[in-house]
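The values are calculated or read from the model by the stated rules, or taken from the named source; none is laboratory data. Keep in mind it's a predicted model, so treat the numbers as computed, not measured. Cβ placement follows ideal geometry from the backbone for every residue including glycine, while neighbour counts extend to all protein chains displayed. With ligands, DNA and RNA removed, areas are computed over all heavy atoms of the protein, side chains included. Shrake-Rupley method; radii C 1.70, N 1.55, O 1.52, S 1.80 Å.
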Amino acid sequence: NVQKRPTVPWKILLKHPNMWALMCGYFTYLYCLWIFLSWLPSYLVSYRGFTLLKMGFYASLPLGAGVLGDAVGGWLTDFLLVKTGNVKVARRSVAIMGMLGCGSFILPAAFTANPYTAVYCLAAAMFFLETIIGPSWAVPMDIGAEYSGTVSGMMNMGGQIGGALSPTVFGILVARGSWIAPFVIAACLLFLGAG
């Protein structure tokens, strides 16, 4: 006996403020993530003066911190859900903390004169950024119910738009002579995303 698939209520999803907030929040997350995934090696070599060998090691620090942030964010959102019984508190507080933490560390990374301080700040920024992933992927199940796949797809679409824009915007700003502006824009997006 094959169960009939429910019809997706597109009008409700497209009009719902939570759906747009989720898409915008994930836009911010992937916009910032793609800075690390696409530009970090060039940034460390061209702007911070690392040799290729040193870059290989120091570029791995933010990514390693991100792996830790993934686990911490997932654990923390589950812990808060069990502790408070409140889905909104459990999901939003971790995502907001992640965005504010990343923005707070990405700015000093951009402005410091010391290349090693920049890397350590970028590692802390990446840690906080990745704490967002656990609650982000829990929310479509929280709000989507039987449409959680569609909600996940819409959230991911919003994120991929940010992911597609990020390397391009970064490249345009670097071509115009600024390695700092891309990080300032990312921090501003993170602070807006937290809001």
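Table for the structure above
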{"read-out": "Fluctuation leader among Val174, Val94, Val119 - the chain, Gaussian network, Cα springs under 10 angstrom", "value": "Val174"}
{"read-out": "HN-Hα J in Hz across region 148-161 - Karplus 6.51, -1.76, 1.60, θ = phi - 60°, x for Gly and Pro", "value": "4, x, 5, 4, 4, x, 5, 4, 5, 4, x, x, 5, 4"}
{"read-out": "Dipole moment magnitude, nearest 20 debye, region 69-195 about Cα centre, only Lys, Arg, Asp, Glu C-beta charged", "value": "260"}
{"read-out": "Burial order of peptide ranges 144-154, 23-33, 95-105 (average beta-carbon count within 10 Å, highest first)", "value": "23-33, 95-105, 144-154"}
{"read-out": "Calculated SAXS-style log₁₀ I(q)/I(0) at q = 0.15 Å⁻¹ - the chain, Debye, Cα scatterers", "value": "-0.88"}
{"read-out": "Pairwise centroid distance, computed over Cα atoms, of region 105-119 with region 1-77, Å", "value": "21"}
{"read-out": "Summed side-chain charge close to Ala21 - residues other than Ala21 whose Cβ falls under 12 Å, Lys, Arg +1, Asp, Glu -1", "value": "+3"}
{"read-out": "Selected from Gly25, Phe50, Gly69, residue furthest toward positive end of dipole (region 17-94; charges at beta carbon)", "value": "Gly25"}
{"read-out": "For Val139, net neighbour charge (Lys/Arg +1, Asp/Glu -1) across residues whose Cβ lies under 15 Å away", "value": "+1"}
{"read-out": "For Phe50, distant residues with modelled amide H under 5 Å away", "value": "Val45"}
{"read-out": "Residue-level accessible surface for Phe57, protein heavy atoms, 1.4 Å, Å²", "value": "110"}
{"read-out": "The chain: calculated mean residue ellipticity at 222 nm from DSSP helix runs of at least 4, using -39500 (n - 2.57)", "value": "-28000 deg cm²/dmol"}
{"read-out": "Signed unit charges on C-beta, dipole axis of region 37-195, positive-most listed residue Gly144, Ser93, Ile180", "value": "Ile180"}
{"read-out": "For region 47-53, Karplus couplings with θ = phi - 60° (6.51, -1.76, 1.60), whole Hz, Gly/Pro x", "value": "9, 8, x, 6, 6, 4, 5"}
{"read-out": "Descending Cα extents along the principal axes, region 1-107, whole Å", "value": "60, 33, 32"}
{"read-out": "Cα-based Rg and Dmax for region 99-155, where Dmax is the largest Cα-Cα distance (Å)", "value": "16.0, 51"}
{"read-out": "Leu192 accessible area, assembled protein chains, probe 1.4 Å, Å²", "value": "130"}
